[in-house]
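K.L.:
Input: one structure, supplied below.
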């Protein structure tokens, strides 16, 4: 059984992850966690049910004064932008201008130091993003705390539907930055008869979670999965030890 609570993500985008709105939502989620734990205990399922709490990503704040307007840097050349802050794909209308536009962006990035510019061949392999179907000839990636001009449209949408007045210092929530940033790491904690007690595990990749689920459920992992089973074994008790766990395994794992 799975439950998904998306309101914290939506409201963190609009009001920022450090806002009182999010503090209140976290308190509500904590109450849900307590409710689940009590119900499991009430129905005598403590020796049968393993509970895993996790998020799909982290989040950080972005102020509008840190928005980079790429259209001004590119100038009169016509381009199309795909994606959203902090990662945009840029496709020139005239493909013969690709190198010229890339060099303009590269020079600005070097000057300001708040975003990075890549071609398909220079994208970092660890991102698993080198794919002509998914990537344009130019990819720009904002550094933590910075974004691109699409944020102005989002800010206007948030003003219209959530009554959030945009100012240069208004903070919005953004995720999708390089997963080496700790604020991008999701949270993970678990308890149950298969989970070690009072134990902290090393960070692991999100894709590795399927190995954890399959280990607990006794299922075979699909052959197309490209994670690492070894990364999640430290979460689990020895298969011969099935004692009740009332403590949490706590960690953070990087989004793949």
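Bear in mind that the values in this text are calculations on the coordinates, not laboratory data. Please read these numbers as outputs of a predicted model, since none were measured by experiment. Here the Cβ is made from the backbone with ideal geometry for all residues, glycine too, and neighbour counts use every protein chain on show.
K.L.:
Rounded to the nearest 0.05, what FRET efficiency is calculated for residue 111 and residue 217 with R0 set to 51 Å and r the Cβ-Cβ distance?
P.N.:
On the way: r = 53 Å, r/R0 = 1.03.
E between residue 111 and residue 217, to the nearest 0.05, is 0.45.
K.L.:
Specify the angular offset, from 0 to 90 degrees and rounded to the nearest 10, of the alpha carbon long axis of helix 20-42 from the longest principal axis of the alpha carbons in the chain.
P.N.:
The answer is roughly 20 degrees.
K.L.:
Can you put 106, 80 in order of Cβ neighbours within 10 angstrom, beginning with the fewest? Display every interim value, and only then the final one.
P.N.:
Working: 106 16, 80 10.
Least crowded to most crowded, the residues run 80, 106.
K.L.:
Moving to a separate point now. For 217, 25, what's the fewest-to-most ordering of other Cβ within 10 Å of each Cβ? Show your work: numbers first, answer last.
P.N.:
Details: 217 9, 25 19.
Ranking 217, 25 by Cβ neighbours within 10 Å, fewest first, gives 217, 25.
K.L.:
Starting with the fewest neighbours, write out 1, 151, 184, 95 ranked by other beta-carbon atoms found within 10 Å of each beta-carbon. Walk me through the intermediate numbers first.
P.N.:
Working: 1 4, 151 25, 184 20, 95 9.
The most exposed by this proxy come first: 1, 95, 184, 151.
K.L.:
Could you tell me how many degrees, from 0 to 90 and to the nearest 10, lie between the Cα long axis of helix 98-112 and the main elongation axis, the longest principal axis, of the Cα atoms of the chain?
P.N.:
70 degrees
K.L.:
Can you bin the range 131-208 into rounded, prolate or oblate? Criterion: square roots of the alpha carbon gyration tensor eigenvalues sorted a ≥ b ≥ c, rounded for a/c under 1.5, prolate for a/b above b/c, oblate for the rest. Don't skip to the answer; put the middle values down first.
P.N.:
Details: a/c = 2.81, a/b = 1.62, b/c = 1.74.
Cα axes put the range 131-208 in the oblate bin.
K.L.:
Another question, if that's okay. To the nearest 10 degrees, how steep is helix 150-162 against the longest Cα principal axis of the chain, on a 0 to 90 scale?
P.N.:
Its long axis makes an angle of about 60 degrees.
K.L.:
Would you calculate a helix-derived [θ] at 222 nm for the chain, using -39,500 (n - 2.57) for each DSSP H run of n ≥ 4 and dividing by the full residue count, to the nearest 500? All intermediate terms of the calculation are to be shown ahead of the outcome.
P.N.:
Details: 6 runs with 74 residues, N = 256.
After summing the helix terms and dividing by residue count, I get -9000 deg cm²/dmol.
K.L.:
Restricting the count to DSSP beta bridges whose residues both fall in the chain, what percent are antiparallel, rounded to a multiple of 5?
P.N.:
85 percent
K.L.:
Still on this structure, I have one more. Assuming R0 = 51 Å, can you tell me the calculated FRET efficiency for the pair residue 46 and residue 160, based on Cβ-Cβ distance, to the nearest 0.05?
P.N.:
On the way: r = 48 Å, r/R0 = 0.94.
That gives a FRET efficiency of 0.60.
K.L.:
I'm spelling it out carefully: the read-out is Cα extents along the principal axes in Å, the candidates are (i) 68, 44, 26; (ii) 83, 49, 34; (iii) 68, 32, 29, and one was derived from this structure. Which label?
P.N.:
Step by step, Cα extents along the principal axes in Å for this structure corresponds to label (i).
K.L.:
Sticking with this structure for a sec: How many nm is it between the label spots at residue 229 and residue 181, if each spot is 7 Å from the Cα in line with the beta carbon?
P.N.:
3.6 nm
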